[in-house]
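Right, one structure below, let's go through it.
The values are calculated or read from the model by the stated rules, or taken from the named source; none is laboratory data. Given the structure is predicted, the values throughout are model-derived calculations rather than measurements. With ideal geometry, Cβ positions are generated from the backbone for all residues, glycine too; neighbour counts draw on all protein chains shown. We work out accessible area using only protein heavy atoms, side chains counted, and drop any ligands, DNA or RNA first. Shrake-Rupley method; radii C 1.70, N 1.55, O 1.52, S 1.80 Å.
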Amino acid sequence: MRRGAAFALSSAFPHVPDKDAAWEDLHRLTVDEDSYVRRGAAVALGSAFPYVPDKDAAWEDLHQLTGDKDSKLRVSANHSLGRASIFKATIAESEGDFESELNNAIEFFERSSKEKSYFNPSRFCLPFYKSF
């Protein structure tokens, strides 16, 4: 059930009325004993990042997940950090901050794309954002 909840939060988070409670659940899932659940939480954090009430903690959770022994989880965490960096670039107040966040995104997509994984969305995102 936790596996399904983690992945469901990926698309449902923006529509959840109590974002604080949903955030607490998502945060708790990032340290679950099951790596599949943690992977779902990493995916959800990438999708939900613009709506998460505590973006600093979400950012830290994703960074911690990049060091996991499960390579599929590292793919998801780095990809989600790339997505979060793209969001941060879109709200940047200066061109320099925009460029910095875009470079961060490219770095995270590059890390993700280097991991061996059958499904790796960063292999699309990396060349796409590098073209900017």
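Condition check ((1) in a helix (DSSP H, G or I); (2) within 20 Å of residue 83 (Cα to Cα)) across all residues:
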residue	(1), (2)
3	yes, no
8	yes, yes
22	yes, yes
26	yes, yes
33	no, no
39	yes, yes
Handout entry: Failed item in (1) open to solvent by 40 Å² or more (accessible area, probe 1.4 Å); (2) modelled with pLDDT of 95 or more, with residue 2 passing the rest
Key = (2)
Completion exercise
Per the filter on the range 62-89, residues within 12 Å of residue 47 (Cβ to Cβ), open to solvent by less than 10 Å² (accessible area, probe 1.4 Å) and polar (S, T, N, Q) are 80
Handout entry: Among residues of the range 91-132, those that are at pLDDT 85 or above, farther than 23 Å from residue 43 by Cβ and either touching a Pro at 6+ places or on another chain (Cβ under 9 Å) or open to solvent by 100 Å² or more (accessible area, probe 1.4 Å) (or both), counted
Key = 3
Exercise for the section: Name every residue in the range 51-98 that is more than 26 Å from residue 21 (Cβ to Cβ), assigned to a helix (DSSP H, G or I) and in contact with an Asp or Glu (Cβ under 9 Å, 6 or more places away or on another chain), in order of residue number. Expected result: 71, 72, 74, 75, 78, 82, 85, 86, 89, 90
Practice task
Confirm whether residue 28 is of a type outside the set (Val, Ile, Thr) and crowded, with 16+ Cβ neighbours inside 10 Å.
Solution key: no
Practice task
Give me a count of the residues in the range 31-53 that are touching a helix residue (DSSP H, G or I) at 6+ places or on another chain (Cβ under 6 Å), surrounded by fewer than 16 Cβ atoms within 10 Å (Cβ to Cβ) and not hydroxyl-bearing (Ser, Thr, Tyr).
Solution key: 2
